[in-house]
Amino acid sequence: MLYIVSTPIGNLKDITYRAVEILKEVNLIAAEDTRHTRVLTEHYGITTPLTSYFEYNQFKKSDELLKKLKAGFDIALVTDAGTPGISDPGFHLIRLAQSQGIPVCVVPGPCALIAGLSLSGLPSHEFIFAGFLPVKSSARRKKLAAYQNEERTTIFYESPHRLLKTLQDISEVLADPDLVIARELTKKFEEVKKAKASEWIVHYSQTKPKGEFVLLLNLKDRV
Ligand code: SAM
């Protein structure tokens, strides 16, 4: 069995009883960064061996893990934070295992986009998750332009060092919309606030962006 196991996005207590149990019981944990996951496993007294499975070794490593699964190993797949396969490695191994008749099951839990959406105060009955925007401004602007008539809440992930440039593109391409920034979810400095994209630009020009960010907007929402 291949288990897809969600892990905390900040607060170590955000893990299910079942996740801890499965991580203890499997033969191997495939982790994005074994050093990072070791903090979690040590905290919960999990002694299962860890092996790395990350973006740049995922194809080769999937074949290796598949052999082990076929030999009868139970393997848990985790990433550094949240749900595997969501802007994180996982998809390739999951599809490969399913195509080879290996049973795959999910142990659900934290996911930053869902935590951000539920906390945002934006309409959440329908939404779009757009992942990380392209790194190059021209591609990013093109992608943003495709959302200009979007009626559903749209969610992006962004890294602190690209935040300001992304905010500038959002402001220009989407006519300075209201934007919710959900920052450091489940951590000590968790913050959620709505402001105009231009106001966020002023803020983050004066204060260096730190931590992890989910950006959410709904172009049709008028309170
Ligand atoms: N698989 C993860 C999930 O289920 O949410 C996402 C991994 S992706 C590589 C990392 C991005 O998720 C960060 O750059 C940030 O945009 C978002 N993120 C992760 N943890 C977060 C947190 N505690 N608060 C806000 N955003 C977070």
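Kindly provide the set of residues from segment 151-162 that are more than 10 Å from the ligand (Cβ to nearest atom) and surrounded by fewer than 16 Cβ atoms within 10 Å (Cβ to Cβ), ordered by number.
Result: E151, H161.
Can you pull out every residue in segment 187-207 that is within 22 Å of the chain's Cα centre (by Cα) and of a type in the set (K, R)?
Matches in segment 187-207: K187, K188, K193, K194.
Please go through segment 57-110 and give me each residue that is more than 16 Å from the ligand (Cβ to nearest atom) and of a type in the set (G, A, S), ordered by number.
Within segment 57-110, S62, A71, G72, A97, S99, G101 qualify.
Cβ-Cβ below 7 Å, separation at least six or inter-chain, first residue in segment 11-28 and within 15 Å of G82 (Cα to Cα), second surrounded by fewer than 15 Cβ atoms within 10 Å (Cβ to Cβ) and not hydroxyl-bearing (S, T, Y): which pairs?
N11/K187; L12/H43
For every residue, the table says whether it meets (1) modelled with pLDDT under 95; (2) surrounded by fewer than 16 Cβ atoms within 10 Å (Cβ to Cβ); (3) closer than 27 Å to T154 by Cα; (4) out of contact with any Ser or Thr (no Cβ under 7 Å at 6 or more places or on another chain).
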residue	(1), (2), (3), (4)
I29	no, no, no, no
H36	no, yes, no, yes
P49	no, yes, no, yes
L69	no, no, no, yes
G72	no, yes, no, yes
Q100	no, yes, no, yes
V107	no, no, yes, no
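Can you say whether L113 is near the ligand (Cβ under 10 Å from one of its atoms), buried (at least 20 other Cβ atoms within 10 Å of the Cβ) and within 24 Å of R162 (Cα to Cα), as far as the supplied structure shows?
It is true that L113 is near the ligand (Cβ under 10 Å from one of its atoms), buried (at least 20 other Cβ atoms within 10 Å of the Cβ) and within 24 Å of R162 (Cα to Cα).
Which condition does K60 not pass, out of (1) at pLDDT below 95; (2) part of a loop (DSSP other than H, G, I, E, B); (3) more than 27 Å from F129 (Cβ to Cβ), if it passes all the others?
Of the numbered conditions (1) at pLDDT below 95; (2) part of a loop (DSSP other than H, G, I, E, B); (3) more than 27 Å from F129 (Cβ to Cβ), the odd one out for K60 is (2).
The values are calculated or read from the model by the stated rules, or taken from the named source; none is laboratory data. In this text the structure is predicted, and so the values were computed from the model without any measurement. Glycine also receives a Cβ, built like all others from the backbone with ideal geometry; neighbour counts cover every protein chain displayed.
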